[in-house]
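See below for the structure under consideration.
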Amino acid sequence: MDKSKLRQIANDEIYVSQRKYYQEIYNNETDTPWENAFDTEWLKKTLGTIGRRSGRWALEIGAGSGRGSMTLGKAGYHTVGIDYVFKPLVTATNRRGEKFRPLFVHADFFEYPFKSGVFDLALDWGVFHHIRRGDTDSYLETVKGTLKKEGRYLLGCFSEKFRHKGEKRRKRNWLIHHGHYDRFSTREELVKVLNPFFIIESITEDVGGFYLVHMTARRDQ
Ligand SMILES: C[S@@+](CC[C@H](N)C(=O)[O-])C[C@H]1O[C@@H](n2cnc3c(N)ncnc32)[C@H](O)[C@@H]1O
């Protein structure tokens with residue numbers, strides 16, 4: 001990972017504005033718009049196909065209020081959630097159970113604060129699709145860098161069919177609104193972009209316009 005390049009990305013105008021957008025949403029809304037966006041049943045089912053989970057380590061990138069982290073914790077993973085907005089992490093911490101207690105870290109993923117290669121699995125529900133195409137390889141390299149050899153990457157992201165509430169546009173593959181960037185992918189593009197870093201185990205598109213992708217990190221040559 002090129003730390004100076006990642007820092008440059010983190011400080012880019014669009015991502016600074018994006019972080020403000022999240023801060024405002026978490027400060028002002030009672031329900032965040034993505035609260036029901038990603039399919040927990042898909043996550044549970046996919047985790048069930050992975051094999052041993054107990055004692056393994058999982059990272060939730062952009063943990064928010066910890067929905068994904070709770071599912072990972074329940075499935076047996078030692079779970080760490082990272083988010084650069086503090087407020088939802090308080091909610092996430094308060095909803096931890098007695099049996100599984102995910103750890104939440106307040107930091108920018110692009111300032112990657114962990115050792116490389118320590119996680120067995122990374123979950124990304126809603127970060128990838130806010131990364132500009134030009135920064136995608138750096139992002140995916142960082143995600144892969146978090147993982148042990150052949151670690152899993154579970155991704156939920158916008159398909160080109162996703163529409164925001166009231167949105168009338170017919171076709172677009174990106175959008176900036178409310179100061180943040182959205183990327184909409186076709187299956188073909190997604191496969192092309194992910195393939196150099198990960199082997200795609202499965203890819204499904206749900207009715208809400210989200211792709212749910214299960215991947216294994218490619219071994220380095
Ligand atoms: C669309 S929300 C999804 C939240 C959560 N995964 C869920 O499904 O409920 C994206 C989350 O990622 C966080 N986020 C976005 N970019 C990030 C970054 N570079 N580093 C850390 N957190 C980030 C935001 O603050 C926000 O909580």
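Coordinate-derived values only; no laboratory data. None of the values given here were measured: they were computed from a predicted structure. When we count neighbours, we look across all protein chains shown, and the Cβ atoms used for this are built from the backbone with ideal geometry, even at glycine.
Structure above, values below:
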| read-out | value |
| --- | --- |
| Residue exposure sequence - 86, 184, 158 - by fewest surrounding Cβ within 10 Å | 86, 184, 158 |
| Neighbour-count order for 206, 135, fewest beta carbons within 10 angstrom listed first | 206, 135 |
| Residue-averaged 222 nm ellipticity for the chain, from DSSP H runs of 4+ at -39500 (n - 2.57), nearest 500 | -9000 deg cm²/dmol |
| Assigned charges on the beta-carbon of Lys, Arg, Asp, Glu; the chain dipole about Cα centre (debye) | 360 |
| Tensor-based shape of the chain (alpha-carbon gyration tensor, a/c under 1.5 rounded, otherwise prolate or oblate) | rounded |
| Dipole of the stretch 3-217, positive direction: furthest Cα of 57, 139, 84, with charges on the beta-carbon | 57 |
| Computed label-point distance, nm, for sites residue 150 and residue 98 using a 7 Å Cα→Cβ extension | 3.8 |
| Which of 54, 202, 138, 69 has the fewest Cβ neighbours within 10 Å, and the rest in rising order | 54, 202, 138, 69 |
| Rounded, prolate or oblate (a/c below 1.5 giving rounded, otherwise prolate when a/b exceeds b/c) for the stretch 73-115 by Cα gyration tensor | oblate |
| Separation of alpha-carbon centers, the stretch 54-75 and the stretch 147-221, rounded to whole Å | 20 |
| Prolate/oblate/rounded label for the stretch 61-169 (Cα gyration tensor, a/c 1.5) | oblate |
| Cβ-placed point charges (K, R +1; D, E -1), dipole of the stretch 1-52 about Cα centre in debye, nearest 20 | 460 |
| Residue-wise HN-Hα coupling along the stretch 195-211, computed from phi with Karplus coefficients 6.51, -1.76, 1.60 (Hz; x: Gly, Pro) | 4, x, 9, 9, 8, 7, 7, 7, 9, 10, 10, 8, 5, x, x, 10, 8 |
| Net +/- balance of residues flanking residue 44 in space, Cβ distance below 13 Å, scoring K and R +1, D and E -1 | +2 |
